[in-house]
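Okay, structure first, notes after.
Just so you know, all these numbers are worked out from the coordinates, no wet-lab data involved. Not measured: the values here are computed from a predicted model. Please note: Cβ atoms are built from the backbone with ideal geometry, for glycine as well, and neighbour counts cover all protein chains shown.
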Amino acid sequence: MNPKDDFLGLESETPTERRARILAGNDGDLLASLIAVRKTKGLTQQDLADRMGVTQATVAYFERYDSDPKLSTIRRYAHAVEALVDHTVEADITSASNGQSDRRVVVSNRTSSINPWHFSDSDID
């Protein structure tokens, strides 16, 4: 623990805890971005449900802060709001000596087109 954290009564975050926090935050940011696209386009949850062939309650469940949708569900939602999702994977290389993270892009995969898939209420986990 560094002196500032000790003074404030804060515990230092381990690299594993930090990585987990960042990954969870990225998931939340992705869902928030998709919801923002829906709202910017003036679409209601019911409008989106009609496009996806599901109920409004299914869309509301997808948009909950604690939802954990499958990638295929995210693709279907993005397709319905006419958005593209870019996937980027980075290695999280943390130096044991200084605890600083050195993040380098390992793989970036941009989907140039999205095919519509059948979507049902049971697809949301």
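The rows are residues; the columns are (1) touching a residue at least 60 places away in the same chain (Cβ under 8 Å); (2) of a type outside the set (D, E, K, R); (3) in a loop (DSSP other than H, G, I, E, B).
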position: 36; (1), (2), (3): no, yes, no
position: 51; (1), (2), (3): no, no, no
position: 58; (1), (2), (3): yes, yes, no
position: 68; (1), (2), (3): no, no, yes
position: 77; (1), (2), (3): no, yes, no
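If you check residue 81 against the conditions, is it surrounded by 16 or more Cβ atoms within 10 Å (Cβ to Cβ), of a type in the set (Val, Ile, Thr) and touching a Ser or Thr at 6+ places or on another chain (Cβ under 7 Å)? Walk me through how you get there before you give the answer.
Values: surrounded by 16 or more Cβ atoms within 10 Å (Cβ to Cβ): yes; of a type in the set (Val, Ile, Thr): yes; touching a Ser or Thr at 6+ places or on another chain (Cβ under 7 Å): no.
So residue 81 fails the test.
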